[in-house]
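> I'd like to ask some things about the structure below.
Laboratory data are not the source of any read-out in this text; all were calculated from the coordinates shown. This structure is a prediction, so every number in the text was calculated from the model and none was measured. Note: ideal-geometry Cβ built from the backbone for every residue, glycine included; neighbour counts use all protein chains shown.
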Amino acid sequence: MYDVFSLPEFAFPKGFLWGSATAGHQIEGNNTHSQCWAYEQSNPKIEASGMACNHYELYKDDIALIKELGHQAYRMSVEWSRIEPSEGKFNMEAVQHYLDELQLLKEAGLYVLVTLHHGAHPLWFEEQGAFSQLENLRYFERYLNFIVPKLSPFVDNWHTINEPNLGWPWSDERAITKANYMKFHARAYHLIKQYSKAPVSYSHAFVHYMPSRRYNPYDNLMTNLKDFLHHEWFFHAIRTGELLSLSANAEYVGELKDSVDYWGVNFYTRHMVDMRTNPADAPRIKHKELKMICKDFYLEEMFPEGLTANLERLADRPVYITENGCSCDDDRFRIVYIALHLSALRDAIDRGVDVRGYFYWSLMDNYEWESFIPRFGLVDVDFQTFKRTPKPSAWFYKDIIAQNGYSPEILRRYLHKLPTLAQ
């Protein structure tokens, strides 16, 4: 049990960066030339993104809101499918839109992190095989050579690809795609460096895997395998340039070695692993389950100590938390989640990890790839009127930013008793 009211005061290092994160397809709306849009239209079992948050039209209001909430930094993506909707044909109106948005962010005094690929890409690229075909690297290079020099005057930090490490079960085909992701990343890293002095990384989805039966050798074996394939495989590749394989000889890619200037970490929760199930997923421990939305969704547990443990593995270079957040209908859970995870983050710093910034996911409620039900936002969005309303957690986070740390006094301004799911 966590008693958040007993959490002691803690502060972050001077110059620590505070912000929030979004992704274009999830907030902009009408990303009609993307493979995600095509998938949504062809699958009647899921909600389509539609207008999403209508951020493409309301970006000026949203930048003003970011500033009002005290954020110092903002992570966003530019949508390749808007910029190059047809192969080799660039949309200068979309380019100018992003330039206007970035300029306004800088005029607002914000540190800007731009993600170049966050889940969505042009449908024509998908039809060519996307990242599963290494020959498609030429398309990514052409796009980056076009867009990066235009954006670079406004960008303080770059991410090449968001969460290339996700995906299970493992297969030879998936292994090839993962290896290609890292080759695309490496090429993008060096290409960006031709146009920009800003740091470059990718966003790593750092799930904490734990065996369902702690001392069962088979659950431990599968846990270690999942951890290796989703995490250590990527860290090893970045640190050494070596792409390991379960079914072929290792491959050395020279330009991959040291192709991050820091580790970009997305962290939410832990997953339990059971060797006897397919795909090796175990149910959560009953007393840890938190069904905080009216939908079966994987973020049903708070495990902040997993953040500390995982970050200890990344002490070889600086770290930014580029996503961390809570999906809940009752905003009080989000306040608890933020407080606990910032405490875990402070513990990681005390253990020697050079953590330099934190981006909460997400600035606003958004389209969560197949549904609008999961609500991660600090800001409520009415998806009919697009009205934005900051939640108590937004003001809680603003006070933390202003103090560069946490105190019980801040907590008690916004939380008066522990939240419960009991009716």
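> Along the charge dipole of the chain, which of W18, N165, L243 sits closest to the positive end, that is, farthest toward it, with unit charges on the beta carbon of Lys, Arg, Asp and Glu (+1, +1, -1, -1)?
W18
> Moving on. Treat each spin label as a single point 7 Å out from the Cα along the C-beta direction, and report the S371 to D172 distance in nm.
Going from the S371 label point to the D172 one covers 3.6 nm.
> Report the gain in length on full extension from D350 to D100: 0.36 nm times residue separation, minus Cα-Cα distance, nm rounded to one decimal.
Difference between extended and current length: 86.0 nm.
> Taking amide H positions as placed in the peptide plane 1.01 Å from N, state which residues far from L17 in sequence (5 or more) or on other chains have amide H under 5 Å from it.
When sequence neighbours closer than 5 places are left aside, the close amide H contacts are G357, Y358.
> Additional query: Can you put T223, T32, T177 in order, fewest other beta carbons within 10 Å first?
Neighbour counts put them in this order, fewest first: T32, T177, T223.
> Over 30 Å between Cα atoms, which of K67/K291; K45/K89; K286/K387; K45/K291; K106/K178; K288/K417 qualify?
Distance filter (> 30 Å) returns K67/K291; K45/K89; K286/K387; K106/K178.
> I would also like to ask the following. Per DSSP H run of n ≥ 4, the term is -39500 (n - 2.57); total these for the chain, divide by its residue number, and report the mean residue ellipticity at 222 nm rounded to 500 deg cm²/dmol.
The per-residue figure over the chain is -11000 deg cm²/dmol.
> Now, a different point. Using a/c under 1.5 as the rounded threshold, could you call the range 4-414 rounded, prolate or oblate? The axes a ≥ b ≥ c are square roots of the C-alpha gyration tensor eigenvalues, and prolate needs a/b larger than b/c, oblate otherwise.
Rounded shape, in that the Cα axes give a/c under 1.5.
> Assuming R0 = 56 Å, can you tell me the calculated FRET efficiency for the pair Q41 and L421, based on Cβ-Cβ distance, to the nearest 0.05?
Once the sixth-power term is evaluated, E becomes 0.95.
> Whats the longest run of the chain with zero GluC sites (Glu not before Pro) that are DSSP loop and have at most 13 other Cβ atoms within 10 Å?
It runs 88-288.
> Moving on. Rank these for me by crowding, M222, M92, going from fewest to most other beta carbons within 10 Å.
With the fewest neighbours first, M222, M92 line up as M92, M222.
> Further, regarding this structure: Over the range 4-414, what relative contact order in percent results from Cα pairs under 8 Å that are six or more residues apart?
So the answer I get is 19 percent.
> Quick one: order W369, W263 by neighbouring beta-carbon count within 10 Å, fewest to most.
So the residues, fewest neighbours to most, are W369, W263.
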